1. Looking at residue 59, is it surrounded by 15 or more Cβ atoms within 10 Å (Cβ to Cβ), touching a residue at least 12 places away in the same chain (Cβ under 8 Å) and within 17 Å of residue 170 (Cα to Cα)?
2. Which of (1) in contact with an Asp or Glu (Cβ under 9 Å, 6 or more places away or on another chain); (2) of a type in the set (Phe, Trp, Tyr); (3) at pLDDT below 95 does residue 66 not meet, given it meets every other one?
3. How do the strands (runs of 3 or more DSSP E) wholly within segment 171-251 filter down when requiring 1 or more residues that are out of contact with any Cys (no Cβ under 7 Å at 6 or more places or on another chain), under 30 Å from residue 5 (Cα atoms) and of a type in the set (Ser, Thr, Tyr): which remain?
4. Scan segment 90-105 and report the pairs whose first residue is within 16 Å of residue 73 (Cα to Cα) and whose second residue is surrounded by 15 or more Cβ atoms within 10 Å (Cβ to Cβ) and among the polar types (S, T, N, Q), with Cβ atoms within less than 7 Å and a gap of 6+ or a chain change.
5. Do we have any residue at all in segment 144-153 that's within 30 Å of residue 57 (Cα to Cα), of a type in the set (S, T, N, Q) and at pLDDT below 95?
6. Considering 135, 120, 126, which residue is buried (at least 18 other Cβ atoms within 10 Å of the Cβ), touching a Leu at 6+ places or on another chain (Cβ under 8 Å) and farther than 30 Å from residue 240 by Cα?
Amino acid sequence: MNIYAELISIGNELLNGRTLNTHAKDLGGELYVIGLQLMRDTTIPDDPAIIQSAVREALARTDLVFVSGGLGPTLDDITRDALALLLDRKIILDPPSVVAMAERYAARGRTMTPAAERQALVLEGASVLPNPVGAAPGQRIDLPENKALFILPGPPLEFNAILKETILPWLKIRHADARPKLVRIVQTKGVGESDIVTLLEAANFQPTDIDLGFYPGMGKVEIRLVAHPDFETEIETARQTLNTLLNEFLDTTPNA
């Protein structure tokens, strides 16, 4: 059974060019390794109605929904409020997060303000996910039909820390039967993408049960073959056929 995920990144700064959003790359890569698949990446502004609509639609079609951003102490950090209304849940203060935050402030010689304390607010009933490198904790909300909603802070360092230390171990247990797809790579140089396609079409190279991807750049073309774990023989055969058809263009340099 395939388990799919969606990512919803929230923040005006992600849409006006001020901040580069790297969450899809990081999340997609981590999920792929454990046999899960990121199917959609959506970036939206700090708007309650849009947040509610995006999350509602994602939960209707996907098993795992990741929401990032809007958990800070400022007036435009509205993610909690929008989701609380959507899910009909109260917003409560999480005491352990307050303690952790106060210790963090004290270690830096600072006093925690009431505004800063707002970052310890969570949705009632959520499993609180400690933030080892920042203030606002992450949250996991278990929903009907075996679905889960993850709410994470926007800064990449914090997003990835909670993902790796808490969420991925949970997902590995929850979806222990998930199997990573098989990936094989053939790297070429000195030949264009369209020329490769022409060669493959002339040889009637059309492997079944295998997805082909072509990624050109810097005078090279990477051909990526992806298949379900049950098709190891087929993907190996396809890789060997590609090596034969493109023999004179293979890039044999180390790490190619």
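The values are calculated or read from the model by the stated rules, or taken from the named source; none is laboratory data. If you're wondering where the values come from, they're calculated on a predicted model, not measured in any experiment. We place every Cβ from the backbone using ideal geometry, glycine too, and count neighbours over all the protein chains shown.
1. On the way: surrounded by 15 or more Cβ atoms within 10 Å (Cβ to Cβ): yes; touching a residue at least 12 places away in the same chain (Cβ under 8 Å): yes; within 17 Å of residue 170 (Cα to Cα): no.
No: the conditions fail for residue 59.
2. So the condition that residue 66 fails would be (3).
3. Details: elements: 182-189, 210-217, 220-227.
The strands (runs of 3 or more DSSP E) meeting that bar are 210-217.
4. From segment 90-105, the pairs are 101/119.
5. For segment 144-153, residues within 30 Å of residue 57 (Cα to Cα), of a type in the set (S, T, N, Q) and at pLDDT below 95: present.
6. 120
For (1) within 30 Å of residue 177 (Cα to Cα); (2) in contact with a Leu (Cβ under 9 Å, 6 or more places away or on another chain), each residue gets a yes or a no:
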residue	(1), (2)
4	yes, yes
7	yes, yes
20	no, yes
73	no, no
76	no, no
99	no, no
107	no, no
